[in-house]
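Below is one structure, written out as structure tokens, with a few remarks after it.
The values are calculated or read from the model by the stated rules, or taken from the named source; none is laboratory data. These numbers were taken from a predicted model, which means no experiment stands behind them. Using ideal geometry, Cβ is built from the backbone for each residue, glycine included, and neighbour counts are taken over all protein chains shown. What goes into the accessible areas is simple: the full protein's heavy atoms, side chains included, and nothing from ligands, DNA or RNA. Shrake-Rupley method; radii C 1.70, N 1.55, O 1.52, S 1.80 Å.
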Amino acid sequence: MPSIKVHKPGLCTTVQDIGRIGYQQFGIPVSGVMDEFAFTVANYLVESDKNNAVLEIPFLGPALEFDFDVTIAITGGEIQAKINNQDVKMWESINVKKGDNLSFGSLKSGMRAYLAFSAEIDVPVVMGSKSTLLKSKLGGFEGRQLKMGDIINFKNVKVLSKKNILDKKYVPTYSHNQNIRIVLGPQDDYFEESSIKTMLENKYQVTKDADRMGMRLAGEVIKHKDKADIISDAAVFGSIQVPGNGQPIILLADRQTTGGYTKIATVIKADLPKLAQMLPNDTIQFSLVNIEEAQKEYREFYRILDEIKESFVVKPRVYTEKQLYVSKKLFGNRRKK
């Protein structure tokens with residue numbers, strides 16, 4: 001069976017796809033990739049299904065040995081990648097040969113890189129997903145991060161005959177200071193207007209207490225009218241909770257399904273990939289948009305991904321009637337000698 005051997009595991013390399021959709025009512029977190037843009041583009045570059053499972057690589061990457069031919073793509077945070085000690089580029093498809101060794105250094109910008117394959121990672125599908133939920137030891141490769149000596153099997157392998165390269169205009173840049181757009185709610189009425197103003201007028205710093213579950217911020221205190229607790233209700237990727245200490249927490253991919261802290265606002269879909277690439281000590285400036293603007297950006301996010309996918313499709317050449325007529329005159333009556 002086609003496989004990859006893990007010689008070095010990296011810091012916390014895991015198998016991820018878009019996540020477990022439809023199980024929050026049973027207390028199962030969605031999980032899945034942190035940066036949907038980088039994940040989806042990686043799969044488009046290797047012409048795989050957009051939800052094909054990938055390796056998510058935070059901070060420091062693994063070293064992998066291939067025992068089969070396949071096409072790969074590396075996207076997300078800028079990371080030093082080499083095949084057989086030769087530098088390879090990100091945001092484009094790369095054909096790997098049997099016996100090749102792929103190695104990664106540490107990220108130069110951003111926090112997470114993604115490695116996609118023109119093949120399927122052969123791990124069990126758990127509740128409709130191959131994603132790893134580390135805290136529950138669920139899904140992925142034995143419910144855990146990769147470790148030295150692991151053998152990852154693959155199936156439905158193909159090798160691309162053409163090279164796909166993402167147009168530079170689509171390649172994101174990852175800044176240490178990000179403007180993050182939010183919509184208010186669902187519990188913004190638990191806060192004075194002055195508190196919302198405080199949140200919008202001040203920068204907040206990402207603390208070291210940040211992982212796939214949530215991101216604790218530090219900055220000006222956001223005061224409640226009365227109390228911070230509510231009857232637990234649904235939590236989404238991007239919910240901004242404010243506990244009693246007034247320091248916001250942004251919930252991320254591995255978030256709990258419900259939460260009992262007031263949620264002052266929610267990060268819009270289009271800005272979630274920015275959060276996924278933020279490092280401790282990076283700063284956030286929140287800006288307020290309305291629901292209509294958030295929906296517009298939502299549609300634009302997926303329109304751009306569709307546009308990228310279309311750019312890799314080989315289109316048949318369309319001939320004019322005149323070109324067809326000339327071609328027929330020149331070649332139509334030729335006989336094979």
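Exceeding 29 Å between C-alpha atoms, which entries from my cross-link table qualify? They are K263/K309; K130/K274; K137/K168. It would help to have the intermediate numbers written out before the result.
Values: K263/K309 35 Å; K130/K274 24 Å; K137/K168 38 Å.
Violating the 29 Å limit, Cα to Cα: K263/K309; K137/K168.
Amide H of D100: which non-local residues (sequence gap of 5 or more, or other chain) have their own amide H closer than 5 Å, using H built in the peptide plane?
Here F66 satisfy the definition.
When you count, for each residue, the other Cβ atoms within 10 Å and take the mean per peptide, how do 49-61, 174-186, 235-247 rank with the highest first?
Numbers: 49-61: 22.3, 174-186: 16.5, 235-247: 19.3.
Per-residue Cβ counts within 10 Å, averaged per peptide and sorted highest first, yield 49-61, 235-247, 174-186.
Run the numbers on segment 111-164 and let me know its relative contact order in percent, using alpha-carbon pairs under 8 Å that are six or more apart. Don't jump to the answer; show the numbers that get you there.
Numbers: 56 pairs, mean separation 19.9, N = 54.
Value for segment 111-164: 37 percent.
Pop out the ³J(HN,Hα) list for segment 285-297 in order, Karplus 6.51 cos²θ - 1.76 cosθ + 1.60 with θ = phi - 60°, rounded to Hz; leave Gly and Pro as x.
Each residue of segment 285-297 in turn: 10, 7, 9, 8, 10, 8, 4, 4, 5, 4, 5, 4, 5 Hz.
Just the number please: accessible area per residue for the chain, 1.4 Å probe, all protein chains included, in Å². Walk me through the numbers on the way to the answer.
On the way: 17240 Å² over 337 residues.
The answer is 51 Å² per residue.
Given a Förster distance of 51 angstrom, what is the FRET efficiency for D122 paired with Q256, based on the Cβ-Cβ distance and rounded to 0.05?
Details: r = 30 Å, r/R0 = 0.59.
Once rounded, the FRET efficiency stands at 0.95.
With labels modelled as points extended 7 Å from the Cα through the Cβ direction, what inter-label distance (nm, one decimal) is found for N156 paired with V313?
For the pair N156/V313, the computed spacing is 1.9 nm.
Is it possible to state the helix-based mean residue ellipticity at 222 nm for the chain, with each DSSP H run of 4+ residues giving -39500 (n - 2.57), the sum divided by total residues, to the nearest 500 deg cm²/dmol? What is it? Intermediate values should be presented prior to the final figure.
Details: 5 runs with 56 residues, N = 337.
Rounded to the nearest 500, the figure is -5000 deg cm²/dmol.
Near the amide H of F191, under 5 Å away, which other amide H atoms are found, from residues 5 or more places off or on another chain, if H is placed in the peptide plane?
Excluding prolines and chain starts, which carry no amide H, the hits are K225.
Kindly write out, for segment 118-128 in residue order, the coupling ³J(HN,Hα) from the Karplus curve 6.51 cos²θ - 1.76 cosθ + 1.60 (θ = phi - 60°), rounded to whole Hz, with x marking Gly and Pro.
8, 6, 9, 5, 8, 10, x, 8, 10, 6, x
Please give the FRET efficiency for K98 paired with E142, using the beta carbon to beta carbon distance and R0 = 30 Å, rounded to the nearest 0.05.
Working: r = 25 Å, r/R0 = 0.84.
Approximately 0.75, to the nearest 0.05.
Distance between the C-alpha centers of segment 1-38 and segment 255-296? Whole Å please.
Segment 1-38 and segment 255-296 have Cα centres spaced 21 Å from each other.
Compare the Cα positions of G214, Y204, V15 along the charge dipole of the chain (+1 at Cβ of Lys, Arg; -1 at Cβ of Asp, Glu; about the Cα centre) and return the one farthest towards the positive end.
V15
Computed FRET efficiency, Cβ-Cβ of D87 and L288, R0 41 Å: what is it to the nearest 0.05? Could the numbers behind the result be given before it?
Numbers: r = 43 Å, r/R0 = 1.04.
Working from the Cβ atoms, E equals 0.45.
Using 7 Å Cα-to-Cβ label points, what is the A63/D229 separation (nm, one decimal)?
Once both label points are built, they end up 5.2 nm from each other.
So who's got an amide H within less than 5 Å of the one on A53, skipping anything under 5 residues away but keeping other chains? H placed 1.01 Å off N, in plane.
Here I121 satisfy the definition.
Return the carbon/sulfur percentage of the accessible area of the chain, one whole number, probe 1.4 Å, all protein chains in place.
51
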